[in-house]
Amino acid sequence: MNPSLVIADEPVSALDVSVQAQVLKLLLDLQAEFRLAYLFISHDLAVVKHISHRIAVMYLGQIVELTAKQTLFRTPLHPYTEALLGAVPIPNPKTPRADIVLEGDVPSPVNPPRGCRFHTRCPYRVDRCRRAAPVLQKVRPDHWAACHLRTD
């Protein structure tokens, strides 16, 4: 079997850091040797940053942002992405950053809220977010977002 795509759902989530590093190195070596593409699903942004070329951020089953790795970590466009990146621990606690603290609980994915799925927790929500779901649109070259504040 010579797959061109390997789907990996949280492949290193239950491993300690040293074993994670070994598995990630193996995945990268295999990718180079066999010219594989990975669909790598993870909640660990450090791992995602290490292994990915392009990243899609999802909230309640929908893609809210899609772009190249460097762009996502440098200039996130969706408030959920901003909150995710703000929650990642940084080595120097004196490094300034604007943390976004999300309020409320995650809505049910079975019965998501009307409008933007993120509006119940979004610090930037406007009335339109409650009424209409934003569409994933190209905002910048090679950078898509599903947010009324970015696409109108």
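Throughout, read-outs are computed from the coordinates displayed, never taken from laboratory work. If you're wondering where the values come from, they're calculated on a predicted model, not measured in any experiment. Backbone-built Cβ (ideal geometry, glycine too); neighbour counts: all protein chains shown.
What distance in nm lies between label points placed 7 Å from Cα along the C-beta direction at Glu33 and Leu60?
My value for the distance between the label points is 4.4 nm.
Please compute the contact order of the chain in relative form: average sequence separation of alpha-carbon pairs under 8 Å and at least six residues apart, divided by the residue count, as a percent.
It comes to 18 percent, rounded to a whole number.
Taking 8 Å as the Cα distance limit and 6 or more residues as the minimum spacing, I'd like the relative contact order of segment 1-82 as a percentage.
Worked out over segment 1-82, it gives 24 percent.
Determine the relative contact order of segment 1-44: mean sequence separation of Cα pairs under 8 Å and six or more apart, normalised by residue count, in whole percent.
63
So what is the diffusion coefficient of segment 1-52 in µm² per second by Stokes-Einstein at 25 °C and 0.890 mPa s, using a Kirkwood Rh over Cα pairs?
It diffuses with D of about 217 µm²/s by this estimate.
Given a Förster distance of 30 Å, report the FRET efficiency between Thr95 and Asp127 from their Cβ-Cβ distance, rounded to the nearest 0.05.
0.25
If the chain between Val19 and Ser108 were fully stretched, how many nm would it gain, using 0.36 nm times the residue separation less the Cα-Cα distance?
Taking Val19 through Ser108 to full extension adds about 28.6 nm, to one decimal.
Can you sort Phe73, Phe40, Phe118 from fewest to most other Cβ atoms within 10 Å of each residue's own Cβ?
Ascending Cβ contact count within 10 Å gives the list Phe73, Phe40, Phe118.
In whole Å, how far is the Cα centre of segment 9-35 from that of segment 89-152?
30
Multiply the residue separation of Met1 and His43 by 0.36 nm, subtract the distance between their alpha-carbon atoms, and state the gained length in nm to one decimal.
This chain segment gains 12.2 nm when fully extended.
With θ set to phi - 60°, apply the Karplus curve 6.51 cos²θ - 1.76 cosθ + 1.60 along segment 114-131 and write out the HN-Hα couplings as whole Hz, x wherever there is a Gly or Pro.
5, x, 5, 5, 8, 4, 5, 10, 7, x, 10, 4, 10, 4, 4, 4, 6, 9
With both bridge residues required to lie in the chain, what share of the DSSP beta bridges run antiparallel, to the nearest 5%?
70
Here are labelled values, (i) 19.5, 67; (ii) 16.3, 50; (iii) 17.1, 52, and one is the computed Rg and Dmax of the Cα atoms in Å for what I pasted. Which one?
The value computed from this structure is option (iii).
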